[in-house]
1. Quick one: which residues, 5+ away or cross-chain, put their amide H under 5 Å from the amide H of residue 272? H built at 1.01 Å from N.
2. Only bridges whose two residues both fall in the range 3-267 count here: according to DSSP, what percent of them are antiparallel, nearest 5?
3. Arranged from highest to lowest average of other beta-carbon atoms within 10 Å per residue, in what order do the peptides 148-156, 57-65 appear?
4. If we sort 45-56, 210-221, 330-341, 190-201 on the protection proxy, mean other Cβ atoms within 10 Å, highest first, what's the order?
5. Let me know the shape class of the range 404-450, please: from the alpha-carbon gyration tensor, a ≥ b ≥ c as square roots of the eigenvalues, rounded when a/c is under 1.5, otherwise prolate if a/b is greater than b/c, or oblate.
6. Would you mind checking which residues have amide H under 5 Å from residue 231's amide H? H placed 1.01 Å from N; only 5 or more apart, or other chain.
7. Hey, what's the chain come to in accessible area per residue, 1.4 Å probe, Å²?
8. Restricting everything to alpha-carbon atoms, can you work out Rg to Rh for the range 3-267 with a Kirkwood hydrodynamic radius?
Amino acid sequence: MLKFYNSLTRQLEEVPSHENKTVKMYSCGPTVYYYPHIGNFRAYLFMDNIRRVLKYNGFHIDGVMNITDVGHLTSDADEGEDKMLVASQREHKSPWEIAKFYTNVFMENAKKLNIDLPEHIVPATSVINEMIEFVKVLIGKGFAYETSKGIYFDIAKFPEYGALSGMDIHEKLAGARIAVDDEKHSPYDFVLWVKAPKEHIMQWDSPWGRGYPGWHIECSVIGDKYLGETIDIHTGGVDHKPVHHENEIAQSNCRYGHQVVKMWMHLEFLQIDGGKMSKSLKNIYTIADLEKKGFSAEDFRFFYFLAHYSKQQNFTFDALEMAKNTLKSIKNLAKEHQNGTAHVDTTKFEDEFLESINDNLNMPKAIACVLKMLREERSSDVYSTLMKFNQVLGLNFDEEEIPAEIKDLAQKRWEAKKARDFATADSLRNQISALGYEIKDEKDAYKILKK
Ligand code: AMP
Ligand code: ZN
């Protein structure tokens with residue numbers, strides 16, 4: 001039986017779904033103000049993991065992820081500057097150019113990691129009108145109020161505030177030592193809409209004058225627009241539990257008068273060398289940094305499987321090297337099994353694999369099962385079962401077989417095509433075809449297939 005841990009109820013539960021076994025799933029997406037690091041990608045590999053395991057169990061997914069391109073301040077609460085504006089000043093580009101550039105970087109990396117992306121990927125700035133409407137409803141129902149600085153959510157009107165992270169907001173309020181804005185009813189009231197000073201670059205018309213949205217409202221609004229008023233699973237990193245997700249719950253549940261998200265799933269952080277990633281320690285790595293050191297995005301994908309998502313995972317280059325070597329041996333063994341003639345009954349492995357992934361995504365156990373199965377006599381039965389498991393693992397077993405010469409020709413063809421030198425591109429395609437391979441073009445990439 002498929003069960004995931006619900007951080008809200010703090011127990012393992014059956015996965016909720018809509019009709020036709022469709023799971024409506026929302027994932028908090030990236031803030032596109034800088035290069036995403038491998039910690040961020042642990043969060044999206046987690047999303048990928050959930051999606052693939054659901055599909056393996058016969059569910060369909062209607063998934064949504066936001067792209068934060070406005071409103072996320074340098075602190076997750078309402079303090080500091082908008083991250084997009086800081087980036088815009090740093091790089092002397094408009095916030096729109098910044099968002100476009102880093103969204104592309106994110107998508108390219110996600111593709112390299114073979115992340116099964118959600119059906120809808122939605123920038124916050126594409127739903128400004130919907131956000132205004134949502135805030136209007138909250139004001140209308142008495143959950144929000146206006147000050148000279150903006151529109152605030154009145155947390156005193158939502159007694160369940162804090163349930164997700166287990167904080168007693170009333171106790172916290174009594175001992176509050178944070179700066180009090182005189183106009184706010186309580187220091188923990190958070191902003192829904194900010195009244196913008198004239199010089200603020202990103203601003204829109206609203207019933208409350210020119211302004212921009214607070215960070216939290218986008219997720220409630222995008223979830224509402226694309227998935228409706230009942231969402232089965234909502235994912236994000238643990239850092240989002242105490243502020244961002246509490247605020248999302250408050251906004252959405254008060255808008256509808258019922259619980260909107262049924263199951264919350266949180267991922268623990270990736271640590272580096274046993275500690276936090278930080279700029280001062282110069283230990284923030286991107287996928288490109290790993291590549292420069294001779295690792296592939298897929299090596300990092302495999303590394304993700306080696307720890308449970310609910311535990312912190314410690315990243316070191318030695319550990320990544322071990323992951324890389326294990327992945328290599330899995331691929332080599334897969335090749336040996338592909339043409340193996342022995343008969344192996346793989347039922348017990350199939351059962352164990354399914355039991356592991358369905359036990360709240362126990363990927364380390366699922367990988368141990370794969371390794372055990374690969375030690376069997378060489379058999380195409382094992383290979384077929386491995387390919388079935390690969391619906392969850394998402395590893396690339398084809399590319400390994402492609403000779404370097406073909407890869408080289410394919411890359412030259414791709415470059416010729418991009419340079420619009422179609423004659424050269426066609427002639428290279430013919431050459432590749434004569435060697436027994438074909439190229440399949442996708443939007444911003446290509447695949448090499450054996451004919
Ligand atoms: P951001 O782009 O800052 O909004 O973060 C995107 C996602 O990455 C969020 O879901 C965060 O919780 C997650 N995240 C940030 N740092 C880490 C980390 N070190 N390990 C795992 N997830 C992280
Ligand atoms: Zn969010």
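1. Under 5 Å from the amide H of residue 272: 277, 315.
2. Working: 16 of 36 bridges.
The antiparallel fraction comes to roughly 45 percent.
3. Put in order of decreasing packing, that is 148-156, 57-65.
4. Working: 45-56: 22.4, 210-221: 25.7, 330-341: 16.0, 190-201: 18.2.
Result, highest mean Cβ count within 10 Å first: 210-221, 45-56, 190-201, 330-341.
5. On the way: a/c = 1.75, a/b = 1.24, b/c = 1.41.
Verdict is oblate for the range 404-450.
6. Here the answer is 261, 262, since their amide H atoms fall under 5 Å of that of residue 231.
7. Numbers: 20950 Å² over 451 residues.
Here the residues of the chain average 46 Å² of exposed surface.
8. Values: Rg = 18.1 Å, Rh = 19.0 Å.
Radius of gyration relative to Kirkwood radius: 0.95.
The values are calculated or read from the model by the stated rules, or taken from the named source; none is laboratory data. The model shown is predicted, which means the values in this text are computed figures rather than measured ones. Here Cβ is always computed from backbone atoms with ideal geometry, including for glycine, and neighbour counts include all displayed protein chains. Only protein heavy atoms, including side chains, enter the accessible area calculation; ligands, DNA and RNA are left aside. Shrake-Rupley method; radii C 1.70, N 1.55, O 1.52, S 1.80 Å.
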